[in-house]
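The values are calculated or read from the model by the stated rules, or taken from the named source; none is laboratory data. Keep in mind that what you see is a predicted model, and the values were worked out from it rather than measured. Because the Cβ atoms are built from the backbone with ideal geometry, glycine has one as well, and the counts that use them run over all protein chains shown.
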Amino acid sequence: MATESWGNLLAAARTRLLAEGCDEVDSRLRWLAAHVLACGLLDIPRYHGTVPAGEAAERFRAGVDRLAAGEPVQYVIGETDFMGLRIRCDRRALIPRPETELLAQRAELFLQKRPGRPVVVDVGTGTGCVACALALRVPRARVVATDISADALDLARRNAAELGADVEFFHTDLLEGLPDASADLVVSNPPYVARAECERLPGVVRDHEPRLALDGGEDGLRVITRLVSGAERVIVPGGRFIMEIGDDQADPIWELLCRTPNLQPVCLQCDYAGQARLVAADRTA
């Protein structure tokens, strides 16, 4: 039976993770403790003087072991927040990040202005976070999600089912198999990290998140080039393409879009750090 208080458990875990060289130790421990306690992050201090009930202490220690091994806290607790939704996440898919919320928000604005029942395709859906958010926020839209990873699609389907999001899932490579001129909007957070840069990513990303969702080829543009070509084919005239990009890719991707006959780049949007993170292009003729 546990006799240590939550305050002592947290202090010991903090000391251990700092000794292991882990980053953002306090934040990660708060997420883990809140998950085990089933409480909000701001509620944790009121448990400091209490003794964990049942198997809570062992669950917490097991989570600390995984954090010490460098595993992302989102995988340890099995979920994260995305636009106010609880999204299940694990090694099958990339962890949803705040920057990708910008992608979903811009897509939602476009869909809200689109009449009738607009069709949106989320390419490389991963956890399904963007597709689910759009399906719930714009319920009159038809939301389609694709991924080359069958495992990721299984996770995305579970998220959609648990959230009650009406999303159609297709196992395919990017936009292959989708009809010409069939979508009002294509959105994507594709693999855009140059292969050499993948090896220099923080270990918490490099060693645990799926390489398939990160590796964009030698120059980071291999998947993007194919995606742009597919989007030109699939989007209807007057439709839009919105894509998340790397913070050093604005110029080459803008040039790529300018060279694509029926896509006209219209804007770049910066992320919370002031780096260009989204690009949007309209389908012309």
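Here are the numbers for the structure shown:
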{"read-out": "Condition check for residue 73: out of contact with any strand residue (DSSP E or B) (no Cβ under 7 Å at 6 or more places or on another chain) and under 28 Å from residue 123 (Cβ atoms)", "value": "yes"}
{"read-out": "Region 62-79: number of residues that are loosely packed, with under 15 Cβ neighbours inside 10 Å and at pLDDT 95 or above", "value": "3"}
{"read-out": "Residue within region 77-93 that is in a helix (DSSP H, G or I), under 24 Å from residue 7 (Cα atoms), among the hydrophobic types (A, V, I, L, M, F, W, C) and touching a Cys at 6+ places or on another chain (Cβ under 7 Å) present", "value": "no"}
{"read-out": "Checklist (1) outside any helix (DSSP H, G or I); (2) within 17 Å of residue 79 (Cβ to Cβ); (3) in contact with a Ser or Thr (Cβ under 9 Å, 6 or more places away or on another chain) applied to residue 155, failing item", "value": "(1)"}
{"read-out": "Qualifying positions in region 1-30 - surrounded by 14 or more Cβ atoms within 10 Å (Cβ to Cβ), among the hydrophobic types (A, V, I, L, M, F, W, C) and not in a helix (DSSP H, G or I)", "value": "2, 22"}
{"read-out": "From 115, 72, residue being more than 30 Å from residue 276 (Cβ to Cβ) and either out of contact with any Ser or Thr (no Cβ under 7 Å at 6 or more places or on another chain) or of a type outside the set (Phe, Trp, Tyr) (or both)", "value": "115"}
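This table checks each residue for (1) touching a residue at least 40 places away in the same chain (Cβ under 8 Å); (2) within 18 Å of residue 175 (Cα to Cα); (3) not aromatic (Phe, Trp, Tyr).
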residue: 238; (1), (2), (3): yes, no, yes
residue: 241; (1), (2), (3): yes, yes, no
residue: 250; (1), (2), (3): no, no, yes
residue: 270; (1), (2), (3): no, no, yes
